[in-house]
1. Just give me the residues in the range 96-114 being within 12 Å of the chain's Cα centre (by Cα) and loosely packed, with under 13 Cβ neighbours inside 10 Å, in sequence order.
2. Within the group D44, D56, which residue is farther than 16 Å from L106 by Cβ and at pLDDT 85 or above?
3. Look at the range 68-86 and say how many of its residues are over 16 Å from G30 (Cβ atoms) and either of a type in the set (V, I, T) or part of a helix (DSSP H, G or I) (or both).
4. Every residue in the range 20-51 that is crowded, with 17+ Cβ neighbours inside 10 Å, touching a residue at least 24 places away in the same chain (Cβ under 8 Å) and within 22 Å of D88 (Cα to Cα), please.
5. Which of (1) surrounded by fewer than 18 Cβ atoms within 10 Å (Cβ to Cβ); (2) at pLDDT below 95 does A63 not meet, given it meets every other one?
6. Scan the range 21-48 for residues that are β-branched (V, I, T) and either touching an Asp or Glu at 6+ places or on another chain (Cβ under 6 Å) or under 16 Å from R101 (Cβ atoms) (or both) and jot them down.
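The values are calculated or read from the model by the stated rules, or taken from the named source; none is laboratory data. Just so you know, these numbers come straight off a predicted model, no measurement behind them. Neighbour counts are summed over all protein chains in view; Cβ atoms, including those assigned to glycine, are modelled from backbone coordinates with ideal geometry.
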Amino acid sequence: MSDGDLKSAGVGLRSALAEIHAFSEKHDCGGFTASFARAIETLDSGGAKRHGYHKDLIPDGAASGLATCLLDACQSAWVFGGMGSWNDMSFEGVDPTEYDRVSEQLFSTLNETIQTAANVSCALNPW
């Protein structure tokens, strides 16, 4: 795993976030739309604007700035599980198909990005 893997993960995450943010905004999903916007802002700022709840998820110096940025964006975008979560929502008509598609895309991309950031960080710091 390399920094190139992180860049590729970031591109995929940004794309998934753009699609789900557009869907969320179109359907007035309030707090979810804001969560996706915060994740996008973190990515677009290169990690300068961090919004994740767990600021200490990665100890200082244990990961590259890009890995830290990606993990922070993933925290903001994680809307799955628990009561009142994104996957509790439903839409009628054509939208259920789109909802399922953008939701699955984000869920998969978040998990892949978290795994990539953790693996690259581990490779860089073999404790």
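1. Within the range 96-114, S108 is the sole residue that qualifies.
2. Numbers: D56 fails: at pLDDT 85 or above.
Of D44, D56, the one residue that is farther than 16 Å from L106 by Cβ and at pLDDT 85 or above is D44.
3. The qualifying residues number 8.
4. Once the filter is applied, which keeps residues that are crowded, with 17+ Cβ neighbours inside 10 Å, touching a residue at least 24 places away in the same chain (Cβ under 8 Å) and within 22 Å of D88 (Cα to Cα), the range 20-51 yields I20, F23, C29, F32, S35, F36, R38, A39.
5. All conditions pass for A63, except number (1).
6. Start the filter on the range 21-48 by keeping residues that are β-branched (V, I, T), which leaves 33, 40, 42.
Matches in the range 21-48: T33, T42.
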